[in-house]
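Values in this text are rule-based calculations from the coordinates and carry no lab data. Small disclaimer: the values here were computed from a predicted structure and weren't measured. In this analysis, Cβ positions are derived from the backbone assuming ideal geometry, glycine residues included, and neighbour counts consider all displayed protein chains.
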Amino acid sequence: MKLQSTDFELFELPARFAQDRADIDLRWKALQKQAHPDRFAAEGAAAQRVAMQWSVRINEAYQRLKDPLKRASYLCELSGAPIRAHENTAMPADFLMQQMAWRESLEEADTAQALETLLEDTSSARSAALADLAQLLDVQLDPVAAAQVVRRLMFVERFAHEVEERLDRISA
Amino acid sequence: MSGWRRFIPHRMALLQISEPGQTPDPHQRRIGVGIDLGTTHSLVAAVRHGVAECLPDEQGRVVLPSVVRYMEGGGRQIGFDALAAQVQDPLNTIASVKRLMGRGLADMQVELPYDLVDQPGMVAVRTRAGDKSPVEVSAEILATLRYRAEDSFNADIDGAVITVPAYFDEAQRQATKDAATLAGLNVLRLINEPTAAAIAYGLDHQSEGVFAVYDLGGGTFDISILRLTRGVFEVVATGGDSALGGDDYDRAVADWLLGQAGAPQSLSPSARAELLRQARQAKEALSSQDSVDLTLSLDGVEIKTRLDRATLAHVSAALTAKTLAAVRRVLRDARLDKGDIQGVVMVGGSTRMPLVLGAVREFFGQEPLTNLNPDEVVALGAALSANQLVGNRGGEELLLLDVIPLSLGIETMGGLVERIVPRNQTIPTAMAQDFTTYKDGQTALALHVVQGERDLVADCRSLARFELRGIPPMAAGAARIRVTFTVDADGLLTVAAREQGSGVEAHIDVKPSYGLADEEIARMLQDSFSTAQQDMQARALAEAQVDADRMLLATQSALDLDSDLLTPDELQHISALMAALHHTRQADQSADAATLEAATQALAHGTEAFAAMRMNKGIQQALAGKNIATI
């Protein structure tokens, strides 16, 4: 095992989209039990430094593996279809229409209730996109098409984040 | 094992090094203490005979009021004596200093009974003994607890875990660590108060599942969601308010008292201290009775009135509501519903208020857990952690996976924040982002590091500024500057910037704006502080000796376990470095600290590759051939 191993290699998981979150969590904790700097607090600086490097690397892999969107974009990248969101901005028309409708609802939403409803809408759009990703990455083995779905999902998540921030302000 | 024999001569040399009496006995228990440095009071705890317990003072009291009084003639009172003098000598008696840690005058939203002076970086308190930094005042409290622990064990302390509110930012954490250093403590780790409470609670009750820790102290509020599985304490999300606590309830009561008929409209410092003292006592009394009668004498004006629970709840309703808003947000961050929470652990003296308990009960729809003493639980958890970090094995091994409470980012064009590390990221972590130049031929890039959740730099806390210089002149947008934020297990930040094409680098430990520079700490030590009587050089040498012993011992145990990973040459190299360090440590008692440090450094450097090999082996064993479900 090397610091440069892929996230999947590091966690000894098959490189595919479908993953069991509970299993990822268990592996993460098992790895951190070996590598966390706290285990080496009584040892010298060299051991501390190595532990810090590995612990950081394990957390990095964990962040990517546990989050379906990050995991999907990582898989696309490994399969030669990097996301490059800034260079690939073309989106299907119906998707753009839906985005505009959401933005309008967000402008108008002035109660926590309205914002919660909007969050539910984004959440079902998210579930649909994740199902598409599972199909494209694990069954059809089409990373290029998957990368397109990832880019759309990035919009959805960014929007959901804005809704949540608005909720924070309303409830604060 | 065919090559094994050839190693024997080196092995012999190693055995000589660990002759009894020459290096510390590896089985000797080391002393690690946990310190809860609170707004209202502080405690020290340690594991003795396998059990964590709070250490009492000579009168048997475990709590030390976090109050320091500077007296005529250079003396100081710390704790109960200082607390008793608060009304009589308000300007020189500093309470609630935790609220000033890492803060500027502009941050102060509430009036305090003593005089504050604005100073670059951090506010100071003007006393008869001069201007005192909050770091110095906190160090007095920490040193008092350190002496208490040393007296209890009749030995030196090997290290301490200090707790901080989970919602403390970078500047507040750094200030706390500086105070501990100033008090002569070897800081093993800063850990978050709710996490410490969860350790004490979880280990005590063998609990598993998702728990919320609601921690309302004297001046800070934290809410953390933790997932507990055998020995692993994973913080899922944390939130709170680092300037909201029992003090604010006292002030709400005080304001109500001033609103009563006949109350004077401006108060002397003594009267203000008396008003706050009575307000606090009334609030505390209402935890066990329904109403309380008060008689106050403020600058000669007498006020008689009655305060009941309903009125207390009414005047403080906004404060309680603020805590619940933070609870809702943290649940959202954790992507959990309140129904997912298995238990709610109450921590901090302010959770004794029935109105707080009631609000939390109503919110979660379950009875909060109050079976551990809310004053002691944080110190006890810190002691359990310290015992392990100091190197004592035995018992279940703990693993704390904590998070960073507030997002970290840098300023970009137009005063906007580009977030680099989002809040609730598990630490340690390193995250990077690429930036570029915006002018042709631009050779320097100024970086402004900020912390907070808002989009505008002006609304976030400024942590540090530094410059990357020497970028080769290029067209605008052609340079690729990678900025890496590294947050260690204490939650402290280091920032590095590197131009990818030319390899030009700049690097900063984020300290200057609010923390203290090392020279300042040294000056404070020399100036006034109680440990300053010690010869500074002797202290440096003693520290270097401890480091050398620790390094020798750690290397020896690593070799005992894993020397088979090394080639004969590598083993010989490490043996030679050990022998050299051992020689410097033993043969020449008059060796100066710098020489000894250099030899320790050489061994540390020389064992780096070995440490990497050992880690590799550990990582491979972590998952190999194990049934994951049983880990």
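Just a few scattered comments:
- Spatial extent of segment B:134-237: Rg and Dmax, with the Cα atoms as the point set, Å: 15.2, 41
- Nitroxide proxy distance, nm - points 7 Å out along Cα→Cβ at A:Glu12 and B:Gln366: 3.4
- Selected from B:Leu468, B:Thr176, B:Gly415, residue furthest toward positive end of dipole (the protein assembly as shown; charges at beta carbon): B:Leu468
- On Cα atoms only, tilt of B:317-333 relative to the major axis of chain B in degrees: 30
- Part-to-part distance (alpha-carbon centres) for segment B:193-245 and segment A:1-50, which is given in Å: 24
- log10 of Debye I(q)/I(0), alpha-carbon scatterers only, for segment B:344-408 at 0.14, 0.19, 0.25, 0.29 Å⁻¹: -0.63, -0.89, -1.02, -1.14
- Listed residues A:Ala47, A:Thr122, A:Met97: farthest to the positive end of the dipole of chain A (Cβ charges): A:Ala47
- Helix content alone sets the calculated 222 nm mean residue ellipticity of chain B: runs of n ≥ 4 DSSP H residues at -39500 (n - 2.57) each, divided across all residues, give -11500 deg cm²/dmol.
- Calculated SAXS-style log₁₀ I(q)/I(0) at q = 0.23 Å⁻¹ - segment B:277-395, Debye, Cα scatterers: -1.31
- Dipole in debye (nearest 20) - chain B, about Cα centre, beta carbon charges: Lys, Arg +1; Asp, Glu -1: 1020
- Each listed q (0.04, 0.06, 0.09 Å⁻¹) maps to a log10 I(q)/I(0) for the protein assembly as shown from the Debye sum over equal C-alpha point scatterers, namely -0.19, -0.43, -0.97.
- Coil-residue trypsin sites (Lys or Arg not before Pro) of segment A:1-62, DSSP, other Cβ within 10 Å capped at 15: A:Lys2, A:Arg16
- Note on the protein assembly as shown: dipole from Cβ charges, positive end direction compared against B:Ala458, B:Ala273, B:Val123; the farthest Cα belongs to B:Ala458.
- Residues in segment A:18-40 that a label on A:Gln135 would reach, taking backbone N under 18 Å of a point 7 Å out along Cα→Cβ: A:18-19
- In segment B:154-213 the Cα-Cα distances spread across 10 Å bins starting at 0 as 20, 40, 29, 11, 0 percent of all pairs.
- Alpha-carbon centroid distance for the pair segment B:264-315 / segment B:326-372, whole angstrom: 28
- Once the Cα atoms are used to define both axes, helix B:134-153 deviates from the longest principal axis of chain B by about 70 degrees.
- Residues considered: A:Glu12, A:Glu107, A:Glu120. Largest GNM mean-square fluctuation over chain A, using C-alpha springs under 10 Å, is found at A:Glu107.
- Degrees separating the helix B:518-527 axis from the principal Cα axis of chain B, which is the longest one: 60
- Remark: spin-label model distance B:Leu456-A:Glu108 equals 2.9 nm, labels positioned 7 Å along the Cα→Cβ axis.
- Chain B: proportion of alpha-carbon pairs further apart than 36 angstrom, %: 45
- If R0 is taken as 35 Å, the Cβ-Cβ distance between B:Gln500 and B:Asp340 corresponds to a FRET efficiency of 0.20.
- In order along segment B:565-575, the phi-based Karplus estimate (6.51 cos²θ - 1.76 cosθ + 1.60, θ = phi - 60°) of 3J(HN,Hα) comes to 6, 9, 6, x, 5, 4, 5, 5, 4, 5, 4 Hz; Gly and Pro are listed as x.
- Within segment B:362-398, the GluC sites (Glu not before Pro) that combine a DSSP coil assignment with at most 15 other C-beta atoms in a 10 angstrom radius are B:Glu396, B:Glu397.
- Qualifying trypsin sites (Lys or Arg not before Pro) in segment A:66-117, where qualification requires a DSSP coil assignment and no more than 13 other C-beta atoms within 10 Å, comprise A:Arg84.
- Estimated from the Cβ-Cβ distance and a Förster radius of 35 angstrom, the FRET efficiency linking B:Asp131 and B:Thr412 is about 0.40.
- Net charge dipole, the protein assembly as shown: roughly 960 debye, given to the nearest 20, about the Cα centre with Cβ charges of +1 for Lys and Arg and -1 for Asp and Glu.
- Fully extended contour minus Cα-Cα distance, from B:Arg48 to B:Ala576, at 0.36 nm per residue: 186.2 nm
- Kirkwood-based shape ratio for chain A, expressed as Rg/Rh from alpha carbons: 1.06
- Radius ratio Rg over Rh of segment B:408-518, counting only Cα atoms, Kirkwood formula for Rh: 0.97
- In this structure, A:Asp142 and B:Ala325 have a Cβ-Cβ separation that, at R0 = 35 Å, corresponds to a calculated FRET efficiency of about 0.20.
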